[in-house]
């Protein structure tokens, strides 16, 4: 009987502690828009112990390979140059194939199927949603998620030869 009471007490303590963990979770979203302002879906960002998990749910996207980056400024005025370059607080070179690389905002390409709809998750261990650190996306000028017309070649500085910016969302 004593063992059962301890087990129940442990379950009750764990249940009480869970809302505190959920309250500490940091999240943000980016509403993705096309160059003409059309809604293309969203990207949800969640702080995890391993970095920021980005979950993108996109629609009406052109089929094919597209670069998927975090850019340094929270602004998405067409043609999305207002988002600045890739988020790169450490001043590294672009690309996972580059010695001395990669930018914190460099992420794997996304592959959009013919129907233009995609749901994808990407973990970025090089950024945080916690305000203050150098790698924070929540600094004074914010950050944006940008999708390019082509794929990232993972080596060409500064943007992977990914082409024009076709979708953008300010991280809020």
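Values in this text are rule-based calculations from the coordinates and carry no lab data. As the structure is a prediction and not an experimental result, all values here were calculated from the model. Counting neighbours? That spans all protein chains shown, and the Cβs are built from the backbone with ideal geometry, glycine included.
Yes/no matrix, rows are residues, columns are (1) more than 12 Å from residue 72 (Cα to Cα); (2) touching a helix residue (DSSP H, G or I) at 6+ places or on another chain (Cβ under 6 Å); (3) exposed (fewer than 15 other Cβ atoms within 10 Å of the Cβ):
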| site | (1), (2), (3) |
| --- | --- |
| 132 | yes, no, yes |
| 140 | no, no, yes |
| 152 | yes, no, no |
| 159 | yes, no, no |
| 163 | yes, no, yes |
| 166 | yes, no, no |
| 170 | no, no, no |
**Item:** Selection count, the stretch 47-66, where residues are over 21 Å from residue 115 (Cβ atoms) and in contact (Cβ under 8 Å) with a residue 60 or more places away in the chain
**Value:** 7
**Asked** Do we find a residue being closer than 21 Å to residue 42 by Cβ, touching a residue at least 60 places away in the same chain (Cβ under 8 Å) and in contact with a strand residue (DSSP E or B) (Cβ under 7 Å, 6 or more places away or on another chain) anywhere in the stretch 101-114?
**Response** no
**Prompt:** Quick one: residue 65 ticks every box in (1) closer than 23 Å to residue 39 by Cα; (2) in a strand (DSSP E or B); (3) under 12 Å from the mean Cα position of the chain (by Cα) bar one, so which box is it?
**Reply:** (3)
